Amino acid sequence: NAGVTQTPKFRILKIGQSMTLQCTQDMNHNYMYWYRQDPGMGLKLIYYSVGAGITDKGEVPNGYNVSRSTTEDFPLRLELAAPSQTSVYFCASTDPQGTGANVLTFGAGSRLTVL
Amino acid sequence: SQKIEQNSEALNIQEGKTATLTCNYTNYSPAYLQWYRQDPGRGPVFLLLIRENEKEKRKERLKVTFDTTLKQSLFHITASQPADSATYLCALDIKGGFKTIFGAGTRLFVKA
């Protein structure tokens, strides 16, 4: 199993450009998440989804959009890139039905630089 | 305000010693507390979780304690090895919700 796959691994954007970070998982997990990680700041939740067609905001949703049309895919869209969005982005998924806890499986991350 | 706090300073210990990392939280009611390991350039990897009604959990050289009165968890690595060098993240599953909230992590260096 591939687990959680993120693309691209690296990207440089100019201010005002748009792009989509792709995330797909092959574990049939209903819950999926997008986090960003800035140096020394830990992981901040951007958006999450508990199933196809259902999304909700996390701690830092401004400047981002998401959609969840299938169980497998959870893309993150940046509409007008700003330098403050320079960060490492992690996608994660979980199925809490086993333990009841959200034990997350993370992707390898996407490093985004906005210049 | 709601906070999860981990030691921001790196922890340096000698190989063979026990490493102890601390996670404190305020104004959260977690159903579970989790610990993850993160290596440079990689995503976090789940290590252990402990439920709100559990005091202690062990897995091989790892031990986690959870005190909901003190709002604190301690994460211990016994007989530490250089390969244990990484950043360790504390995370809370909030009751009644779908979110997992992370602390900033503590960097551990184990010297041979």
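For beta carbons closer than 6 Å, sequence separation of 6+ or different chains, a first residue in the range B:84-112 that is more than 10 Å from chain A (Cβ to nearest Cβ) and a second that is of a type in the set (Ser, Thr, Tyr) and open to solvent by 50 Å² or more (accessible area, probe 1.4 Å), the qualifying pairs are B:95/B:29.
Just the residues that are open to solvent by 60 Å² or more (accessible area, probe 1.4 Å) and under 30 Å from residue A:95 (Cβ atoms), please, taken from the range A:10-26.
Within the range A:10-26, the first condition is being open to solvent by 60 Å² or more (accessible area, probe 1.4 Å), and the residues that meet it are A:10-12, A:14-15, A:17, A:22, A:26.
If the condition is that a residue be open to solvent by 60 Å² or more (accessible area, probe 1.4 Å) and under 30 Å from residue A:95 (Cβ atoms), then A:10, A:11, A:22, A:26 are the ones that fit.
Give me the residue from the range A:82-103 that is at pLDDT 95 or above and assigned to a loop (DSSP other than H, G, I, E, B) and, out of that set, nearest to the other protein chains (Cβ to nearest Cβ). Step by step, filter the range A:82-103, then rank; the result is A:86.
Sub-7 Å Cβ pairs linking a first residue in the range B:40-65 that is farther than 22 Å from residue B:18 by Cβ and facing another protein chain (nearest Cβ under 10 Å) to a second residue that is of a type outside the set (Gly, Ala, Ser) and part of a strand (DSSP E or B), at least 6 apart or interchain, are B:43/A:90; B:43/A:106; B:44/A:106; B:44/B:36; B:44/B:37; B:44/B:38; B:44/B:89; B:51/B:32, ordered by first then second residue. In the set A:72, A:59, only one residue is among the acidic types (Asp, Glu) and more than 16 Å from residue A:4 (Cα to Cα); that residue is A:59.
I need a count of the residues in the range A:40-81 that are part of a loop (DSSP other than H, G, I, E, B) and facing chain B (nearest Cβ under 10 Å).
The first filter runs over the range A:40-81 and keeps only residues part of a loop (DSSP other than H, G, I, E, B), leaving A:40-41, A:52-53, A:58-63, A:67-72, A:74-75, A:79-81.
Then keep just the ones that are facing chain B (nearest Cβ under 10 Å); that gives A:40-41, A:58-59.
The qualifying residues number 4.
In this structure, is residue A:109 facing another protein chain (nearest Cβ under 10 Å) and surrounded by fewer than 14 Cβ atoms within 10 Å (Cβ to Cβ)? In short, no.
Per the conditions (1) open to solvent by less than 40 Å² (accessible area, probe 1.4 Å); (2) outside any loop (DSSP other than H, G, I, E, B); (3) in contact with an Asp or Glu (Cβ under 9 Å, 6 or more places away or on another chain), the sole criterion not satisfied by residue A:29 is (2).
Condition first: closer than 15 Å to residue A:43 by Cβ and among the β-branched types (Val, Ile, Thr). Now tell me which residues in the range A:65-104 satisfy that. Break it down into steps so the answer makes sense when it comes.
Residues of the range A:65-104 that are closer than 15 Å to residue A:43 by Cβ, as a first pass: A:76, A:87-94, A:102-104.
The answer is A:88, A:94, A:103.
For the range B:1-104, which strands (runs of 3 or more DSSP E) that fit wholly inside it have 1 or more residues that are among the aliphatic types (A, V, I, L, M) and either modelled with pLDDT under 90 or open to solvent by less than 50 Å² (accessible area, probe 1.4 Å) (or both)? Walk me through how you get there before you give the answer.
On the way: elements: B:3-6, B:11-14, B:19-26, B:30-38, B:45-51, B:56-59, B:62-67, B:72-77, B:86-94, B:100-102.
Answer list for the range B:1-104: B:3-6, B:11-14, B:19-26, B:30-38, B:45-51, B:62-67, B:72-77, B:86-94, B:100-102.
The values are calculated or read from the model by the stated rules, or taken from the named source; none is laboratory data. Remember, predicted model here, so these are calculated numbers, not experimental data. Using ideal geometry, Cβ is built from the backbone for each residue, glycine included, and neighbour counts are taken over all protein chains shown. What goes into the accessible areas is simple: the full protein's heavy atoms, side chains included, and nothing from ligands, DNA or RNA. Shrake-Rupley method; radii C 1.70, N 1.55, O 1.52, S 1.80 Å.
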